[in-house]
1. What is the magnitude of the charge dipole of the chain about its Cα centre, with +1 placed on the Cβ of each Lys and Arg, -1 on the Cβ of each Asp and Glu, and no other charges, expressed in debye to the nearest 20?
2. Select from 25, 46, 17 the residue whose mean-square fluctuation is largest in a Gaussian network model of the chain (Cα-Cα springs shorter than 10 Å).
3. Quick check for you: with a 1.4 Å probe and neighbouring chains kept, what is the accessible area per residue of the chain, in Å²?
4. Of all the accessible heavy-atom surface of the chain, with the other protein chains kept in place and a 1.4 Å probe, what percent is carbon and sulfur?
Amino acid sequence: MSRAAWHARIECGGEVSGASFLVTSRTVLTCAHVVRNQDLAPLTVSFPNRRDLGALTA
């Protein structure tokens, strides 16, 4: 199991939509299908290997 701090998780409406990764200190890259329905519910980004950071609204 990887423990990379740059792995990110995208959630839409409280459900996991997909994975992403941190490319800069303020930019996360993911696939289009992960955020396709983002207008239906708020998006949050979290870092499973850095739970101390909490979830961030995107």
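1. Details: 6 positive and 4 negative charges, 47 e Å.
Once rounded to the nearest 20, the dipole reads 220 debye.
2. Evaluated over the chain, the most mobile residue of the options is 25.
3. Details: 4300 Å² over 58 residues.
Averaged over the residues of the chain, the accessible area is 74 Å².
4. On the way: 2350 of 4300 Å².
Carbon plus sulfur share of accessible area: 55 percent.
The values are calculated or read from the model by the stated rules, or taken from the named source; none is laboratory data. Because the structure is predicted, anything quoted here is derived from the model rather than measured. Cβ: placed from backbone, ideal geometry, glycine included. Neighbour counts: every protein chain shown. Protein only, heavy atoms only, side chains kept; ligands, DNA and RNA dropped before computing areas. Shrake-Rupley method; radii C 1.70, N 1.55, O 1.52, S 1.80 Å.
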